Amino acid sequence: MDNVHAIPPSHGLYRGLVRGWFALTRRKIRLLHAGDMTAEGPVLIAVGHPAGFLPALALSIAVGRPVHCLLPKSLARGPLAGFLARQMGIILCEDEKPVSEENLREAVDVLEGRGALVVFADENSAEQAAPGTLASAAALLVGRAEAKPGCRIAVHPAHLFLSEATARSREILIYIDSVMARPKRSPKVPAQGSETAAFVAALESRFQENAFQLRPADLEYFLGDLEEVLRTGLQEDWASRPDWKQDTEDFVLSRLVTEWVNQTNYMHPSRLVTLRKSLDEYRHLQKECALRELIVEGADSPLGSGWQQTTLWFEILLGLPIAFYGLLNHLAIGLVLYLARSFKRNSSRTRTVEWSLRATVTLVFYAIQIFLMGHWRGRAAAGYYAPSLPVSGAYLWRYVGLVRPQARLLFISITIPALKRKIQRLRRSLLEELDRALTSCDEKASVPR
């Protein structure tokens, strides 16, 4: 059977339309490595990533030759997706396990016709931790196709990285590894069980060498952060219960969580990277909150009790107009003293000379300002204005020297509760996302084969 007949004549047109759709949605597909895959001969691309309609379309247009993808029908929802899948050469199979004989025959025909076939990791199989479950579909197809004399399938492991839709970069990264080395056998001798087991073990080993996964050191760091978040969540929950005395010091991550993290690291690394970013944000907010608390609690002038803080708030708000009035009255005085370098700490003038200079400049400007007020507004206004000059100046000195530092602490202190609520929301979001992932993993593991 020639594989050319399995590709619809309009494949090129729809391939261009799919490329245009990816461009419009700002999804850039980047093929980082294509292995040593040739343009001819039967090829099986075994993707160590959960099946999906979007990855199938990305692979269909990224590989240099026409490819077929074996995909569950439930992932191509709606008549439009089903029509597009048929035009792109995607083989839609029923979600039942094992794959129906009709779909299996269609996929094997692609390989026997010297075509290229994409098959995803079989994550829906029960007992995912058991060897051979993720590569079971690939092993079945290779065994069926190579049963035909003279048919030798080139198997290329492949890795995907799909950035989250909310991420700044929405690239889809594709890495097709080099062909798997397998011992040759006589076409007259059927494949033995040990050979099949060795093949699936080797393929799953290549799956676990995902080019996009977190490195072991980063993974250990991630698990430590995850354990801290879970422990903090338990502490917060237990603290709300009356007379609850149990602590979380001896709690560690469960085996289920650790296995899910390890498997997600090589099957769906983008999900782990997203969690890693959320954990980094969580730790950053924790450090920021601790720093603000340290600034408030370790300040030279503590804020004091609640009523003292309330009094300070009233003085900051109500005293601001008075301080501003004093600033306007003494702006020219301050400018002259600044030009005279009166505020310079290493001045060569003695302290007596310095204060005499300040007093002289202040009195001269007071006299000028009172004279101008009397000239413009009359003697009565000048009489009221004169005593306000030293009073507003003294209050400006107090406002700048005492209130301003405490106002900064006060403003920092009112941001701490909001920051703590943000940390709690982020922690709950992390725990809910982890719970959904573990629940989904548990449901898939409980599906009978």
Problem - Of all residues making up region 255-306, the number that are buried (at least 16 other Cβ atoms within 10 Å of the Cβ), over 23 Å from Phe212 (Cβ atoms) and at pLDDT 85 or above - result: 4
Problem - Test: Leu32 is crowded, with 20+ Cβ neighbours inside 10 Å and touching a strand residue (DSSP E or B) at 6+ places or on another chain (Cβ under 7 Å) - result: no
Practice task
Filter region 280-297 for residues that are farther than 17 Å from Arg428 by Cα and free of Cβ contacts under 8 Å to residues at least 12 places away in the same chain and give the result.
Solution key: Lys287, Ala290, Leu291, Leu294, Glu297
Problem - Selection status of Tyr338, touching a residue at least 60 places away in the same chain (Cβ under 8 Å) and aromatic (Phe, Trp, Tyr) - result: no
Practice task
Please list, ordered by first then second residue, the pairs with beta carbon atoms under 9 Å, 6 or more apart or interchain, first in region 266-279 and hydroxyl-bearing (Ser, Thr, Tyr), second part of a helix (DSSP H, G or I).
Solution key: Tyr266/Phe207; Thr274/Glu433; Ser278/Leu426; Ser278/Ser429; Ser278/Leu430; Ser278/Glu433
Practice task
Test Leu92 against the criterion of being within 24 Å of Arg144 (Cβ to Cβ) and free of Cβ contacts under 8 Å to residues at least 24 places away in the same chain, and give yes or no.
Solution key: yes
Problem - Filtered residues of region 141-162 (kept if in contact with a Pro (Cβ under 8 Å, 6 or more places away or on another chain), among the hydrophobic types (A, V, I, L, M, F, W, C) and either under 21 Å from Ile176 (Cα atoms) or surrounded by 19 or more Cβ atoms within 10 Å (Cβ to Cβ) (or both)) - result: Ala145, Ile153, Ala154, Leu160, Phe161, Leu162
Exercise for the section: Collect the residues in region 50-101 that are out of contact with any strand residue (DSSP E or B) (no Cβ under 7 Å at 6 or more places or on another chain) and among the polar types (S, T, N, Q), keeping them in residue-number order. Expected result: Ser74, Gln87
Completion exercise
From the option list Pro66, Pro79, Pro72, Pro55, single residue qualifying as under 18 Å from Leu162 (Cβ atoms), outside the structural domain of Trp260 (by TED's automatic domain parsing), surrounded by fewer than 21 Cβ atoms within 10 Å (Cβ to Cβ) and not aliphatic (A, V, I, L, M) is Pro72
Practice task
Would you check which residues across region 377-436 are among the aromatic types (Phe, Trp, Tyr) and either surrounded by 12 or more Cβ atoms within 10 Å (Cβ to Cβ) or within 23 Å of Ala367 (Cα to Cα) (or both) and list them?
Solution key: Tyr384, Tyr385, Tyr395, Trp397, Tyr399
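The values are calculated or read from the model by the stated rules, or taken from the named source; none is laboratory data. Remember, predicted model here, so these are calculated numbers, not experimental data. Backbone-built Cβ (ideal geometry, glycine too); neighbour counts: all protein chains shown.
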